[in-house]
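Before any comments, here is the structure.
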Amino acid sequence: MSEVPRFIAVVDIGKTNAKMVLHDLNERHDLTVRSLANAPRRDGPYPHYDTDALFAFILESLTEFAAAHPIDAISITAHGASAVLIGEHDLALPVLDYEAALEGAEGYEALRPPFSETLSPPMANGLNVGRQLFWLQARFPERFAEARHILTYPQYWAFRLTGIASCEPSSLGCHTDLWAPEQGDFSSLADRAGWRELFAPVRRPFDVLGPLKPEWAEQIGLAGREIPVLCGIHDSNASLLPHLLALPAPFAVVSTGTWVVSFSIGGRKTALDASRNMLAYVDAFGRPVPSALFMGGREFDILTNRAPAPPDEAALARVIEQGLMVRPPIVPNTGPFPEEQGGWSEPAEDLSAMERTAAASLYVALMTTESLALIGANGPIVVEGPFARNLPFLRALGQLTGRPIFAPTDGTGTSAGAALLALGPEVAVAGRPTEQPVDLAPIMGLEAYVAKWRNALAEQGDALP
């Protein structure tokens, strides 16, 4: 890219929703956002993502964007815990939904490297990509043998747009068991399983893989133009990137969506505990970052029946005064308390929609606070994604941590970070910091509420520090 790019089309494939965003790098905001529900298909050999429908959505969105603005580049971000097997002409196997139960993968544990090597904790179902590949190879050996490449998920979309195969460290370092973050190379699993040579070449997220295929450029109305397509990045690391460029350490970033992922930058040194879903992610520059995650967005949806009602002060006060609370986890085998049985302290059907939303918001704040403490986070906290708009969550998080809370809401953090890739790794234009922390009123009675929540966990055998 010879000229400084301005209008970046961002492909953002989340677990719950796929988005297409046109981002203006000069003004640092999203101009247009299109969204599509990303429900897995249940036909075929196992639950899998509808990649053809998603790609049609990508092309339709690019067509709309190109009619309104010039497109200077295409960048890509996507959720982790997914890998793609590419055959001679198409997928060798459908892209497995990581929430699918992988029965018959018991032999995987004998191959799995130690946590000290991968900093990747054991997780449920297919959340460790190594287990996915092991299961697919055992279950479908002939079709697995047809694979020419294994791609990480953002790079699959780059492959469809350019025809160029690649992998990238932030997705390889997303609790896959396949990457050794401190060595910056594949883990011993890739060699023991015989997969190393299948993985496409590892590229940096900032790299331009190539131009958009002429057939797609013509279809979206940009025939004759070479539109550079960037390699792309894991979505939580896309959220982290602008702050890595803008803020002095120490600070923390909480990336929210289906998952709530907490990152500690320059915080206290702590030992990562695999049993509590602590891990090292790998940032855009290939560096390990102490992190912790839980399925907070999914749990919030479950707790609110996907119909949250922003609570007024009276509803929030009732929840606090009556001790209406949620014990973790709601999604089993995830988060800092994966072995426990979570649920409501009172029958949920007795609560109003506002009370459920208040209690669910406090629950996510409590879990986020615990995650931040576990990874030694220090300094201001930046909340990215949907929970940046959840005021009870922000109030509780600020009060519980005693630290400034920044909550940028002008656009999606993932799209802003992915768009920044177009400026290259030596970018001189730093990510735009939020100028002032959010002014958050305290929640009366929160300390007693937290003490009750902690006591309930202690009774389950999970006393908190």
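The values are calculated or read from the model by the stated rules, or taken from the named source; none is laboratory data. Worth saying up front: this structure is predicted, and the values here are computed from it rather than measured. Cβ sites come from the backbone with ideal geometry, for glycine too, and all protein chains shown count toward neighbours.
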How many residues are surrounded by fewer than 23 Cβ atoms within 10 Å (Cβ to Cβ), under 15 Å from A365 (Cα atoms) and either of a type in the set (D, E) or out of contact with any helix residue (DSSP H, G or I) (no Cβ under 9 Å at 6 or more places or on another chain) (or both) if we restrict to region 279-313? 2
In contact with a Ser or Thr (Cβ under 9 Å, 6 or more places away or on another chain), of a type in the set (S, T, N, Q) and either at pLDDT below 95 or farther than 18 Å from R454 by Cβ (or both): is that true of N378 in this structure? yes
Return the only residue of A105, A124 being in contact (Cβ under 8 Å) with a residue 12 or more places away in the chain, surrounded by fewer than 21 Cβ atoms within 10 Å (Cβ to Cβ) and either under 25 Å from R148 (Cβ atoms) or not assigned by TED's automatic domain parsing to the domain that holds Y156 (or both). A105
Please count how many residues of region 146-170 are part of a helix (DSSP H, G or I) and more than 19 Å from G210 (Cβ to Cβ). 2
Considering E99, E109, E103, which residue is acidic (D, E) and part of a helix (DSSP H, G or I)? E109
Condition set assigned to a loop (DSSP other than H, G, I, E, B) and without any contact (Cβ under 8 Å) to a residue 60 or more places away in the chain, scope region 4-39, selection surrounded by the most Cβ atoms within 10 Å (Cβ to Cβ): answer is N38
Among the residues of region 172-194, the number that are assigned to a loop (DSSP other than H, G, I, E, B), touching a residue at least 40 places away in the same chain (Cβ under 8 Å) and small (G, A, S) is 4
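Does V383 satisfy the condition of being assigned to a strand (DSSP E or B), buried (at least 23 other Cβ atoms within 10 Å of the Cβ) and either under 20 Å from the mean Cα position of the chain (by Cα) or modelled with pLDDT of 95 or more (or both)? Talk me through it step by step, then tell me what you get.
Working: assigned to a strand (DSSP E or B): yes; buried (at least 23 other Cβ atoms within 10 Å of the Cβ): yes; either under 20 Å from the mean Cα position of the chain (by Cα) or modelled with pLDDT of 95 or more (or both): yes.
So V383 fits the description; yes.
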Set R327, R356, R395: member being crowded, with 24+ Cβ neighbours inside 10 Å, at negative phi and either outside the structural domain of K269 (by TED's automatic domain parsing) or of a type in the set (D, E, K, R) (or both): R356
Report yes if some residue within region 245-252 is modelled with pLDDT of 95 or more and crowded, with 23+ Cβ neighbours inside 10 Å; otherwise report no. yes
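When region 128-152 is examined, which residues are found to be closer than 14 Å to L102 by Cα and either without any contact (Cβ under 8 Å) to a residue 60 or more places away in the chain or not hydrophobic (A, V, I, L, M, F, W, C) (or both)?
N128, V129, G130, R131, Q132, F134, W135, L136, Q137, A138, R139
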Taking T77 and the conditions (1) within 15 Å of H23 (Cα to Cα); (2) β-branched (V, I, T); (3) touching a Leu at 6+ places or on another chain (Cβ under 8 Å), which numbered condition does it fall short on, given that it satisfies the others? (3)
Quick one: how many residues across region 40-71 are outside any helix (DSSP H, G or I), touching a helix residue (DSSP H, G or I) at 6+ places or on another chain (Cβ under 9 Å), surrounded by 14 or more Cβ atoms within 10 Å (Cβ to Cβ) and not aromatic (F, W, Y)? 2
The residue from G445, G424 that alone is modelled with pLDDT of 95 or more and assigned by TED's automatic domain parsing to the domain that holds L247 is G445
How many residues, within region 316-348, are under 31 Å from the mean Cα position of the chain (by Cα) and not in a loop (DSSP other than H, G, I, E, B)? 8
If only one of L161, L189 is under 18 Å from R112 (Cα atoms), at pLDDT 95 or above and aliphatic (A, V, I, L, M), which one is it? L189
If I ask for residues that are in a loop (DSSP other than H, G, I, E, B), out of contact with any strand residue (DSSP E or B) (no Cβ under 6 Å at 6 or more places or on another chain) and closer than 29 Å to G417 by Cβ, which ones from region 196-226 would you list? P201, R203, R204, F206, D207, K213, I220, G221, L222, R225
Counting just the residues of region 23-79 that are of a type in the set (A, V, I, L, M) and touching an Asp or Glu at 6+ places or on another chain (Cβ under 7 Å), which one comes out farthest from E99 (Cα to Cα)? L31
Here is a list: S120, S171. Which entry is hydroxyl-bearing (S, T, Y), closer than 30 Å to P332 by Cβ and in contact with a Phe, Trp or Tyr (Cβ under 7 Å, 6 or more places away or on another chain)? S171
Applying the selection to region 72-96, what residues are among the hydroxyl-bearing types (S, T, Y) and outside any loop (DSSP other than H, G, I, E, B)? S75, T77
In region 230-247, is there at least one residue being on the phi < 0 side of the Ramachandran plot and without any contact (Cβ under 8 Å) to a residue 60 or more places away in the chain? no
The conditions are (1) in contact (Cβ under 8 Å) with a residue 40 or more places away in the chain; (2) surrounded by 21 or more Cβ atoms within 10 Å (Cβ to Cβ), and F406 fails exactly one of them. Which is it? (1)
Consider T32 carefully, then state whether it is assigned by TED's automatic domain parsing to the domain that holds L151 and in contact with a His (Cβ under 9 Å, 6 or more places away or on another chain). yes
